[in-house]
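Below you'll find the structure, written out as structure tokens, and then a few comments.
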Amino acid sequence: MRRPILAANWKMYKTQAEASAFAKEFLPLVAAATDVDVVIAPPFTALPALAAALAGSRVLLAAQNVHPEEQGAFTGEIAPGMLRELGCRYAIVGHSERRTLFGESSELVARKAEALLRHEIRPIVCVGESLEERESGRTAAVIETQLRESLARVPGERAAELVVAYEPIWAIGTGRTATPALAQDVHAQVRGVLRERFGAAGDAIRIQYGGSVKPDNVRELMAQPDIDGALVGGASLEPESFARIVRFEAR
Ligand code: PEP
């Protein structure tokens with residue numbers, strides 16, 4: 001009942017020209033994948049070029065971040081209305097790199113998610129534990145707190161528009177993927193928190209796994225009952241590799 005969603009997070013990679021070249025090669029490779037949602041989040045600067053290159057395709061544009069205010073004296077920041085004007089349909093908020101490198105709190109993530117929904121942009125809300133938190137047995141508590149705080153401002157009637165990405169920090173960019181069973185355990189817990197928070201609407205929210213997803217492991221991850229998609233960093237930078245992920249296809 002939940003439509004799979006495969007999202008590329010390009011982080012601080014690719015110029016406008018590189019984003020356009022990616023789209024040219026990628027779109028024919030995924031033309032037949034009509035039963036999944038495909039999303040690409042380039043750097044802000046590549047959004048216009050990628051929007052033009054994706055025009056007429058089913059691949060949707062996303063941002064990697066947003067500021068919660070409508071406008072104002074916030075040097076270096078980008079407002080949700082600006083993203084919507086560029087055609088963004090999704091935006092990633094609370095990525096662990098934002099939380100750890102830029103000090104973002106779940107309270108700020110909640111304000112960003114709320115602002116995005118006001119502009120009809122679907123938030124992809126990231127949560128995940130560190131290695132130290134996992135090894136000290138605190139994964140469940142950490143995930144529950146991050147979820148409750150980050151989703152605190154989402155109105156119940158908008159819940160189905162959310163995407164949650166579970167990204168264990170120790171698996172991001174390390175080549176160390178959570179096993180499908182371990183990921184499913186946390187996804188089931190996330191599902192439980194979403195049901196408590198939003199009632200039946202919690203069943204409609206898609207939960208992505210992120211952390212070293214590759215063509216080789218995507219199929220097994222996607223076979224888990226509560227894994228509804230993937231948020232992909234490194235393996236989304238090459239058209240062939242991300243296309244294989246979109247098609248759940250190993251090398
Ligand atoms: C990410 O940064 O969201 C991510 C999952 O990265 P990678 O796929 O490279 O681990």
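Could you say which residue among A110, A53, A73 is open to solvent by less than 20 Å² (accessible area, probe 1.4 Å), small (G, A, S) and either modelled with pLDDT of 95 or more or assigned to a strand (DSSP E or B) (or both)?
Within the list A110, A53, A73, the selection yields A110.
Provide a single number: the residues in the range 82-105 that are open to solvent by 50 Å² or more (accessible area, probe 1.4 Å) and more than 16 Å from the ligand (Cβ to nearest atom).
Summing the residues that are open to solvent by 50 Å² or more (accessible area, probe 1.4 Å) and more than 16 Å from the ligand (Cβ to nearest atom) in the range 82-105 gives 7.
Kindly indicate which of A159, A165, A171, A178 is within 16 Å of the ligand (Cβ to nearest atom), at pLDDT 95 or above, open to solvent by less than 10 Å² (accessible area, probe 1.4 Å) and closer than 20 Å to A7 by Cα.
It is A165.
Give all pairs with beta carbons closer than 6 Å in which a residue from the range 137-159 that is under 17 Å from R206 (Cβ atoms) meets a residue that is part of a loop (DSSP other than H, G, I, E, B) and modelled with pLDDT under 95; count only pairs at least 6 apart in sequence or on separate chains.
That search, which allows pairs on different chains as well, returns nothing.
Anything in the range 200-225 that is in a loop (DSSP other than H, G, I, E, B), over 16 Å from V36 (Cβ atoms), open to solvent by 20 Å² or more (accessible area, probe 1.4 Å) and more than 16 Å from the ligand (Cβ to nearest atom)? List them, or say none.
A204, P225
Does the range 119-132 contain at least one residue that is surrounded by fewer than 18 Cβ atoms within 10 Å (Cβ to Cβ) and either free of Cβ contacts under 8 Å to residues at least 12 places away in the same chain or within 13 Å of G94 (Cβ to Cβ) (or both)?
The answer is yes, given that some residue of the range 119-132 is surrounded by fewer than 18 Cβ atoms within 10 Å (Cβ to Cβ) and either free of Cβ contacts under 8 Å to residues at least 12 places away in the same chain or within 13 Å of G94 (Cβ to Cβ) (or both).
Search the range 231-240 for residues being assigned to a helix (DSSP H, G or I) and open to solvent by 20 Å² or more (accessible area, probe 1.4 Å), and hand back the single one that is nearest to the ligand (Cβ to nearest atom). Working first, answer last.
So in the range 231-240, the residues assigned to a helix (DSSP H, G or I) come out as 234-236, 239-240.
Imposing the further condition that a residue be open to solvent by 20 Å² or more (accessible area, probe 1.4 Å) reduces the set to 234, 240.
Details: G234: 3, E240: 16 Å.
Filtering first and then ranking leaves G234.
Just name the residue that is nearest to the chain's Cα centre (by Cα) out of those in the range 76-107 that are part of a strand (DSSP E or B) and not basic (K, R).
I92
Looking at this structure, is D228 buried (at least 18 other Cβ atoms within 10 Å of the Cβ) and either within 14 Å of the ligand (Cβ to nearest atom) or not polar (S, T, N, Q) (or both)?
Details: buried (at least 18 other Cβ atoms within 10 Å of the Cβ): yes; either within 14 Å of the ligand (Cβ to nearest atom) or not polar (S, T, N, Q) (or both): yes.
Yes.
Mind checking which pairs have a first residue in the range 90-101 that is farther than 18 Å from V39 by Cβ and of a type outside the set (G, A, S) and a second that is open to solvent by less than 40 Å² (accessible area, probe 1.4 Å) and part of a strand (DSSP E or B), Cβ under 9 Å, 6 or more apart or different chains?
Here the result reads R99/C126, each pair linking the range 90-101 to a residue that is open to solvent by less than 40 Å² (accessible area, probe 1.4 Å) and part of a strand (DSSP E or B).
Tell me whether the range 130-146 contains one or more residues that are in contact with a Leu (Cβ under 7 Å, 6 or more places away or on another chain), within 16 Å of the ligand (Cβ to nearest atom) and among the hydrophobic types (A, V, I, L, M, F, W, C).
no
With the structure loaded, tell me whether V186 is in contact with a Ser or Thr (Cβ under 9 Å, 6 or more places away or on another chain), away from the ligand (no atom under 13 Å from the Cβ) and either hydroxyl-bearing (S, T, Y) or at pLDDT 95 or above (or both) or whether it fails that test.
Yes: the conditions hold for V186.
The values are calculated or read from the model by the stated rules, or taken from the named source; none is laboratory data. Note that this is a predicted model, so its numbers are computed, not measured. Don't worry about glycine lacking a Cβ; one is built from the backbone with ideal geometry, like all the others, and counts go over all protein chains shown. Protein only, heavy atoms only, side chains kept; ligands, DNA and RNA dropped before computing areas. Shrake-Rupley method; radii C 1.70, N 1.55, O 1.52, S 1.80 Å.
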